[in-house]
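Asker: Input: one structure, supplied below.
A short reminder: the numbers here are calculations on the coordinates, not readings from a lab. Here the structure is a predicted model, which means the values were calculated and not measured. Glycine also receives a Cβ, built like all others from the backbone with ideal geometry; neighbour counts cover every protein chain displayed.
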Amino acid sequence: MPPPIPHKDVSSPIKSKTKGSSSIASRNYGANAKKYYLIVYNVLSTLGWSYILVRLLLHLSGLTASAPPPSSRATQTASTLLSRFFTSVPLPLLRSTSRSAGYKAALGKYVHAPKWLQVWLTTLYGRAETTYGAVGPTTAFVQTFALLEVMHAALGWVRSPVQTTAMQVASRLYLVWGVVEQFDSARTSPLYASMVFAWSLTEVIRYSFYALSLLSYEPSFLLYLRYTTFYVLYPLGAGSEAFVNYATLPASSPLPTPSSWARGMWGVMDYIRGALFLIWWPGLYVMYTYMIKQRKKVLGTGPGYRIGAKPKTR
């Protein structure tokens, strides 16, 4: 009797192949879901900052109804809107004396320009002081959503370093919630308008570039704007941030003197904000020079260079 022919189990390879196929399909599904999520996030961020930019420009240009003077209007902060929404107690607001009257007087006294230009600059200055009422709460909410970018970096969904991303987001949140939200002198500072302008224009370019890149489309003009506009927008934004923070400091001397006792002593948080104002400038220099180096890496230098091409290595 011949030995029985061994039975071949043909089901195992098929089963293994099916399991491998399902694993690949699962990975592809996860990658596609992540890609679509990032596209939606960047598109929504572009729309949010575009809305802020348009509202800001309309407000400064006078094409919208003028807000009442800072001294006569009730401050509508992001916290009060949240408290109304959740029917909770508003956050306490620390107030400081506005210094805008002196700035306006100096503007009219020392700016030697035609009368019409002085009138226009004074009007623009007044509108800049009321910018928070036009875009303040919206800016706070849209900026807060940038916390998701820290999560994106931590999960490895984007190539941004976690520490750098966290520091950038934290500095913005400190300004919108820890400074502007808490101090009327920051909300009425005309430099709040230039700060939001620099932020919004930068973010519209950045997020739209990211969204199109995820769709495998990188317009050369957006690439150029992303790595060129910082020459003006970064000093404008970072400098405005520093002086908005400075506007919250007491008018008295930080050193304990008889006059400072009379005009109000500095508290611990005042010294912290003062220290941040001082370290803002070397930080600006470090980041500015770093971005110049990044621009050279991406765009390259020299005649005949084509935007978007890789720089030649020597």
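Asker: Please compute the length gained on full extension between Trp157 and Ser61, using 0.36 nm multiplied by the number of residues separating them and subtracting their Cα-Cα distance.
Answerer: Details: separation 96, 0.36 × 96 = 34.56 nm, distance 3.99 nm.
30.6 nm is the gain from fully extending Trp157 to Ser61.
Asker: What distance in nm separates the two pseudo spin-label positions at Phe145 and Tyr231, each 7 Å out from Cα along the beta-carbon direction?
Answerer: 3.2 nm
Asker: Here is a follow-up. Which value in Å does the Kirkwood hydrodynamic radius of the range 174-285 take, with 1/r averaged over all unlike C-alpha pairs and then inverted? Mind showing how you got there, number by number?
Answerer: Numbers: mean 1/r = 0.0623 Å⁻¹.
Hydrodynamic radius (Kirkwood, Cα pairs) of the range 174-285 is 16.0 Å.
Asker: What number comes out for the charge environment of Val180, summing +1 per Lys or Arg and -1 per Asp or Glu over other residues with Cβ under 11 Å away?
Answerer: On the way: positive: Arg172, Arg187; negative: Glu181, Asp184, Glu241.
That sum, taken over residues with Cβ under 11 Å, equals -1.
Asker: Check the straight Cα-Cα distances from Lys35 and name the aspartates and glutamates below 18 Å, setting aside those fewer than 8 residues away within the same chain.
Answerer: Glu149, Glu218
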